[in-house]
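The values are calculated or read from the model by the stated rules, or taken from the named source; none is laboratory data. Note that the structure is a prediction, hence the values are computed from the model and not measured. Every residue, glycine as well, gets a Cβ built from its backbone with ideal geometry; the counts of neighbours run over all protein chains shown. The area values use the complete protein model at the heavy-atom level, side chains included, leaving out ligands, DNA and RNA. Shrake-Rupley method; radii C 1.70, N 1.55, O 1.52, S 1.80 Å.
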Amino acid sequence: MKIEMEKLIAHLKAQGFIFQGSEIYGGLANSWDYGPLGAEIKAKLKKLWWGFFVKKNPHNLGLDSSIILNSKVWEASGHLRNFNDPLIDCKECKSRWRADKLIEEKFPELNVGGWTNQQLEEFITAKKILCPKCQKQSFTNIRQFALMFKTNQGVVEDEGSVVYLRPETAQGIFAQYKNCQRAMRKKLPFGIGQIGKSFRNEITPGNFIFRTREFEQMELEFFFAPSDNFDWFEYWLNQVQTFLKDVLKIHPNNFLVREHNKEELAHYAKRTVDIEFKYPFGTGELWGIAHRGDFDLSQHQKFSAQDLTYLDPNTNERYLPYVIEPSVGVERLMLAIFCQAYTEEAVENGERVVMKLPNNLVPYQVAVFPLQKQQNAAAEQLYEELLVDFDAVLDVTGNIGKRYRRQDAIGTPLCVTIDFDTETEKTVTVRDRDTMKQVKVALSELKNYLTTKL
Ligand code: GAP
């Protein structure tokens, strides 16, 4: 089903998943806050990633490094030098554009990533590329726009106090690679995973939570010997797809695997594959898997003047490990999950919106209803009992049909109703979100029944 982004955004807001950031002050462009249900899904998603990529993987460790790092980290990583975009302004209508994107939109076969500003300016003039807004060709010179948020640490705002909000979590891992390896007495191969906020002063944020200036990343840096013959790239590429398909239940028809061609590769990458999701606004990057070689460790070794080599206990050789990096944004993954889950269905008396979320991500696993007011106390008691083992919610307002719709709209897989037979027969009615079928279940069997269904 092709969904409309406006409808999805309105639904997520109305149901308490995602709100516009700073809304009571008119909002802050492209910032989004996660409401009670969105926060719940986000926490579950991060826990699933951590479980799969860190805790349950025999090779890996976890880390939680700072957002603000010594600025030398960004000199070493190349972010201070390379992490900026070439911007031009239209003198006529005052709109601002990325020069490289203006060219690539007209000439999609070109990859202008490595071009100098002069080359970009000359090409725009020669090919008479116009301002997409006013259709004139009257551009300023290109200015480089830094993508890292800059601030000052301490009371004095001078050059020496300049620090940056990290634009990726990866560099915190590289900077602590040696400590992790030593403290945990790890032998290669091993990986370090991290989840945390990253910040990029994106020029073209948008498409809801697809590209924002503040976001969270889940990154794994996997270190291995350059002489290791095992294909760790394929291994992680497969692991990512297994996680998407088997854990998050993302349908294979909804994403594709795209290999970067040589011209497209980032300066540090030996190989990169993107998993792209078919979002309603077009296909876009969801998850990147990059072979970074020893680029990062060798840069940090150079800039820190610390020995970051690994002494191989088998060969007695010293070398810098190679790195495979699977990196994904939490919000971009949530958007994919929401896009797949959002379903409009015709039902007997109209239409229903159902969030067909996988059971391991739903905000609530089970909702408890009384059929009538007189059963409120019994429903409350059952709700409190279920809370011990399940993520449960109690709903006593509106009629039963409305309550089912409300739970469908937030993805609750099972609804349990205290009905007319509960007191005498000791049974309840359990209704399934997807099939809408109802069955009678003995109260004594309820916990087992719910456990097998969830
Ligand atoms: N350490 C490598 C790295 O950061 P990236 O391709 O720039 O590589 C990795 O980012 C992932 O982070 C992307 O695949 C995407 O899921 C997410 N991401 C990047 N920029 C983002 C943004 N502005 N908003 C939301 N997610 C973003």
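In segment 304-351, which residues are aliphatic (A, V, I, L, M) and within 14 Å of the ligand (Cβ to nearest atom)?
Listed by number, the residues that qualify are Val323, Ile324, Val328, Val330, Leu333, Met334, Leu335, Ala336, Ile337.
Filter segment 81-127 down to residues that are within 26 Å of Phe149 (Cα to Cα), in a loop (DSSP other than H, G, I, E, B) and polar (S, T, N, Q) and give me whichever is modelled with the lowest pLDDT.
Checked segment 81-127; the qualifying residue modelled with the lowest pLDDT is Thr116.
Conditions (1) more than 29 Å from the chain's Cα centre (by Cα); (2) at positive phi, marked per residue:
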| position | (1), (2) |
| --- | --- |
| Glu385 | yes, no |
| Asp391 | no, no |
| Tyr404 | yes, no |
| Gly411 | no, yes |
| Cys415 | yes, no |
| Ile418 | yes, no |
| Lys426 | yes, yes |
| Arg431 | yes, no |
| Val439 | yes, no |
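Can you tell me which residues in segment 178-193 are of a type outside the set (A, V, I, L, M, F, W, C) and either near the ligand (Cβ under 10 Å from one of its atoms) or surrounded by fewer than 22 Cβ atoms within 10 Å (Cβ to Cβ) (or both)?
Taking segment 178-193 and keeping what is of a type outside the set (A, V, I, L, M, F, W, C), we get 178-179, 181-182, 185-187, 189, 191, 193.
Within segment 178-193, Lys178, Asn179, Gln181, Arg182, Arg185, Lys186, Lys187, Pro189 meet the criteria.
Tally the residues that are closer than 17 Å to Lys72 by Cα, part of a loop (DSSP other than H, G, I, E, B) and out of contact with any Phe, Trp or Tyr (no Cβ under 6 Å at 6 or more places or on another chain), restricting the search to segment 128-153. Before you say what the answer is, go through the steps one by one.
Applying the first criterion (closer than 17 Å to Lys72 by Cα) to segment 128-153 yields 146-153.
Next, only the ones that are part of a loop (DSSP other than H, G, I, E, B) stay: 147-149, 153.
Still in the running and out of contact with any Phe, Trp or Tyr (no Cβ under 6 Å at 6 or more places or on another chain): 153.
Count: 1.
Between a first residue in segment 20-42 that is free of Cβ contacts under 8 Å to residues at least 60 places away in the same chain and a second residue that is among the charged types (D, E, K, R), which pairs have beta carbons less than 6 Å apart while being 6 or more apart in sequence or on different chains?
Pairs found: Gly21/Asp33; Tyr34/Lys42.
Quick one: what pairs do we get from segment 133-153, first residue among the basic types (Lys, Arg), second in a strand (DSSP E or B), C-beta under 8 Å, 6+ apart or different chains?
That search, which allows pairs on different chains as well, returns Lys133/Cys90; Lys136/Cys90; Arg143/Pro86; Arg143/Leu87; Arg143/Ile88; Lys150/Val162; Lys150/Val163; Lys150/Tyr164.
Can we say Gln217 is modelled with pLDDT of 95 or more, near the ligand (Cβ under 9 Å from one of its atoms), assigned to a strand (DSSP E or B) and closer than 25 Å to Glu331 by Cα? It would help to see each step written out before you state the result.
Details: modelled with pLDDT of 95 or more: yes; near the ligand (Cβ under 9 Å from one of its atoms): yes; assigned to a strand (DSSP E or B): yes; closer than 25 Å to Glu331 by Cα: yes.
So Gln217 passes the test.
Determine which member of the set Phe208, Phe243 is in a helix (DSSP H, G or I), open to solvent by less than 50 Å² (accessible area, probe 1.4 Å) and either within 14 Å of the ligand (Cβ to nearest atom) or among the polar types (S, T, N, Q) (or both). Give the derivation first.
Working: Phe208 fails: in a helix (DSSP H, G or I).
Being in a helix (DSSP H, G or I), open to solvent by less than 50 Å² (accessible area, probe 1.4 Å) and either within 14 Å of the ligand (Cβ to nearest atom) or among the polar types (S, T, N, Q) (or both) holds for just one of Phe208, Phe243, which is Phe243.
For segment 140-173, which residues satisfy the criterion of being of a type in the set (Ser, Thr, Tyr) and either modelled with pLDDT under 95 or away from the ligand (no atom under 12 Å from the Cβ) (or both)?
The initial filter retains those residues of segment 140-173 that are of a type in the set (Ser, Thr, Tyr), namely 140, 151, 161, 164, 169.
Correct list: Thr140, Thr151, Ser161, Tyr164.
Go through (1) in contact (Cβ under 8 Å) with a residue 12 or more places away in the chain; (2) loosely packed, with under 13 Cβ neighbours inside 10 Å for Lys94 and report which single condition fails.
(1)
Mind counting the residues in segment 299-330 that are within 15 Å of Arg182 (Cβ to Cβ), in a strand (DSSP E or B) and of a type outside the set (A, V, I, L, M, F, W, C)?
Number satisfying all stated conditions: 2.
If Leu320 meets every condition in (1) open to solvent by 40 Å² or more (accessible area, probe 1.4 Å); (2) closer than 16 Å to Ser77 by Cα apart from one, which number is that one?
Of everything listed in (1) open to solvent by 40 Å² or more (accessible area, probe 1.4 Å); (2) closer than 16 Å to Ser77 by Cα, Leu320 misses just condition (1).
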